[in-house]
Amino acid sequence: MGRSLKSAKLRSEQISLRLFLCMVVIISSILYISIPLIIQSYQEYIKTNQVLTEITSLRALVKTANKISRERAPANKVMSSTVEELAANQKELAEFRLVVDDQIDQTIATLNQGGFESIATHLQTDFKAKLNHGREVVDAYANIPHAQRTSAQFNHAIFTMFDVWDESRKYLNDLMKQSKSKDSKMSNYFISILVLTDMRDQAGRVASNIMAPVTFGEKISDINRARCLQTQHQSQYLWALVDTIQPEQTKTAEYVHLHQRVKTEFLDQGLPLITKLLDQSQNNQTYFLTGTQLTNRIVDKFTTVMDLQNYILDYSIQVAHEQNKKAKQQFIFTLCISCLSLLTAIFIMIYTKRKVFSPLIKAREMILRLSNASKEELKTKQSRQEFLSLFEAIDRLKVMLNQRDMMEMQLKKIANSDVLTGVANRLALEEYVHALERKPSGFLNTAVVVVDIDNFKFVNDQYGHIVGDQVISTIADHLKHNVRASDLIVRYGGDEFLVVIENITIDAAKVIAESIRSEIAKEPIAISNSDELLWVSVSIGVAVGAKNWLELLEKADQSMLRAKAKGKNVVEG
């Protein structure tokens, strides 16, 4: 009896050890799946946060460059003013310079916050010094008596302010070089913003290049004429380039309206003013505008370029905010689901041990103790009561064994199921394949249907991983609807499913595959928290019969690749 009880104790310890190992395997499996997903979603969140920070810094620096370019207009008005106009125009210039200085300080703060400290330092020291020098040249020219002024002095002051803008453009290039997001899917926005910045400056230089000779009523030199024509050509080229590089999905009604305004007001109405002045110079005619009038007439024309640029800037910030928000939601969702799955598994194991296995072990020990009792011991009243309780213990034992079997089935189902879709995973597929290998017919009459979601990467990039998960779950539901309960559905990859069907011909398998394809193609997916409908399709490869599993899977995979090559949304077998 002592040996039996000792043996029972050892067996109980073995059961506890096996339960613990089973718990470790399940938790490890959940962690193996969850940790990469958590890391991936977190990295995506960090990446979108970086994009938002960098495009915010770019917007601040672009606004500074625009303000510097815009300052040339009141500066030119001051330098081309008559004695009567000078005081009012100097006041306008002084007020605008305060706006520019405030914008520079805001940009420095934004760059420091965004991690571009070196650029911010250069703005604070080198750039401000260069800007102050340019302003001193402008003010010095404005203080020269009208009778002593020359066209060359005016030109020198204008080109000094050109140098200031060129300096700000250098910092834009530095920011792009340091940016880690310029190769992301936001790259088109970065390029569009820089192109429009250049176009805004070129638009301003169109008039500035001829401002001095027009103000003095002199013939426009060949150098100034060439520069003016070059900036006109450059402005037209950059305007066309913006529409080319702009993503189609961002060409909203407002974008089209602003883009058309640039053509109508600047290219079609503003540039002809410059052309007419060039022609009058060529023909030795009197200019129809003074320098101040030219500034007033042209400045409103190229503000349309700024309006288009500001729209793209605001739109890009909005897109970056949305991407960052979706990435954050995806990270939180993945983290919560993973933690919930882990806690559920731990709870089930603890509950199983306390409520099922521990009572079973105690009942087993009691049964063994009673079964080893001697006949003399059974004659006593206490022994008879224990003997009678044996049957009660056996009944309880049967109930607990049934509970344990049900719990084992639930645990096995958790281990063999895909968390997102509820269909089988690769672990379940391996067990199923081993079972098929033991059958006499093997894989001769077995079909494998490979289902691959078309353009799934585009869905994830366009709508985010939450919608991507919704698409995968919907495809899994369609598969369940179209195959028998006895057939095995496996989530084989991120956007790929396998359906394994026994005892079927190739024609029957293709009928099932076509039914799956057509049902998915004709039923759109309603995106959560949106009125938008998403249409998806699948490419399906079918194969029946092979010597072994790898050969059968390879045949089905090749069929699926042929379906992709035929244009997708196709069944091939």
Checklist entry - Does segment 305-327 contain at least one residue that is without any contact (Cβ under 8 Å) to a residue 60 or more places away in the chain and crowded, with 20+ Cβ neighbours inside 10 Å? => result no
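Considering only residues that are under 21 Å from Asn188 (Cα atoms), of a type in the set (Val, Ile, Thr) and surrounded by 12 or more Cβ atoms within 10 Å (Cβ to Cβ), which ones fall in segment 242-276?
Our first condition is that a residue be under 21 Å from Asn188 (Cα atoms); within segment 242-276, this holds for 242-260, 262.
Remaining after also requiring of a type in the set (Val, Ile, Thr): 242, 244-245, 250, 252, 256, 262.
Selection gives Val242, Ile245, Thr250, Val262.
Please tell me if Asp268 is within 30 Å of Val83 (Cα to Cα), assigned by TED's automatic domain parsing to the domain that holds Ser187 and among the charged types (D, E, K, R).
Spelling it out, it is not the case that Asp268 is within 30 Å of Val83 (Cα to Cα), assigned by TED's automatic domain parsing to the domain that holds Ser187 and among the charged types (D, E, K, R).
Of these, Gln202, Gln230, Gln285, which one is surrounded by fewer than 21 Cβ atoms within 10 Å (Cβ to Cβ) and part of a helix (DSSP H, G or I)?
On the way: Gln202 fails: surrounded by fewer than 21 Cβ atoms within 10 Å (Cβ to Cβ); Gln285 fails: part of a helix (DSSP H, G or I).
From the options Gln202, Gln230, Gln285, the qualifying one is Gln230.
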Checklist entry - In the set Ser34, Ser69, Ser81, which member is not in a helix (DSSP H, G or I) and not hydrophobic (A, V, I, L, M, F, W, C)? => result Ser81
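Every residue in segment 269-318 that is among the acidic types (Asp, Glu) and over 27 Å from Ser221 (Cβ atoms), please. First the steps, then the outcome.
Taking segment 269-318 first, the residues among the acidic types (Asp, Glu) are 279, 300, 307, 314.
Within segment 269-318, Asp300, Asp307, Asp314 meet the criteria.
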Checklist entry - Among the residues of segment 193-200, is there at least one that is under 26 Å from the mean Cα position of the chain (by Cα) and over 15 Å from Thr231 (Cα atoms)? => result yes
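When the residues of segment 131-158 are narrowed to those that are in a helix (DSSP H, G or I) and among the charged types (D, E, K, R), which ends up surrounded by the most Cβ atoms within 10 Å (Cβ to Cβ)? Spell out how you get there, then give the answer.
Narrowing segment 131-158 to residues in a helix (DSSP H, G or I): 131-142, 146-148, 151-158.
The next check asks that each one be among the charged types (D, E, K, R); those that pass are 135-136, 139.
Details: Arg135: 19, Glu136: 12, Asp139: 16.
Selected residue: Arg135.
With the structure loaded, tell me whether Val62 is at pLDDT 90 or above, part of a helix (DSSP H, G or I) and hydrophobic (A, V, I, L, M, F, W, C) or whether it fails that test. Please lay out each step first, then the result.
Details: at pLDDT 90 or above: no; part of a helix (DSSP H, G or I): yes; hydrophobic (A, V, I, L, M, F, W, C): yes.
When the stated conditions are applied, Val62 does not pass them.
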Checklist outcome for this item: Of the residues in segment 226-260 that are touching a residue at least 40 places away in the same chain (Cβ under 8 Å) and of a type in the set (Phe, Trp, Tyr), the one that is nearest to Leu308 (Cα to Cα) is Tyr255
Next on the checklist: Can you list residue pairs whose Cβ atoms sit under 6 Å apart, with the first residue in segment 559-572 being touching a residue at least 24 places away in the same chain (Cβ under 8 Å) and surrounded by fewer than 15 Cβ atoms within 10 Å (Cβ to Cβ) and the second being among the polar types (S, T, N, Q) and in a strand (DSSP E or B)? Count only pairs 6 or more apart in sequence or on different chains.
Outcome noted: Lys568/Ser539
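Would you tally the residues in segment 424-444 being of a type in the set (A, V, I, L, M, F, W, C), in contact (Cβ under 8 Å) with a residue 12 or more places away in the chain and surrounded by fewer than 21 Cβ atoms within 10 Å (Cβ to Cβ)?
Kept after step one, since they are of a type in the set (A, V, I, L, M, F, W, C), are these residues of segment 424-444: 424, 427-429, 433, 435-436, 443-444.
Then keep just the ones that are in contact (Cβ under 8 Å) with a residue 12 or more places away in the chain; that gives 424, 427-429, 433, 436, 443-444.
Subsequent filtering for residues that are surrounded by fewer than 21 Cβ atoms within 10 Å (Cβ to Cβ) retains 427-429, 433, 436, 444.
Looking only at that region, the number is 6.
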Next on the checklist: It is to be established whether one or more residues within segment 117-130 are loosely packed, with under 15 Cβ neighbours inside 10 Å, more than 25 Å from Leu196 (Cβ to Cβ) and β-branched (Val, Ile, Thr).
Outcome noted: yes
Item to check | Filtered residue count, segment 130-170, keeping only those that are of a type outside the set (Lys, Arg) and more than 49 Å from the chain's Cα centre (by Cα) | outcome: 15
Item to check | Options Ser281, Ser235; residue that is of a type in the set (Gly, Ala, Ser), under 13 Å from Leu196 (Cβ atoms) and in the same structural domain as Lys77 (by TED's automatic domain parsing) | outcome: Ser235
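The values are calculated or read from the model by the stated rules, or taken from the named source; none is laboratory data. Quick caveat, the model's predicted, so the values are computed rather than measured. Quick reminder, even Gly has a Cβ in these numbers, built from the backbone with ideal geometry, and neighbours come from all protein chains shown.
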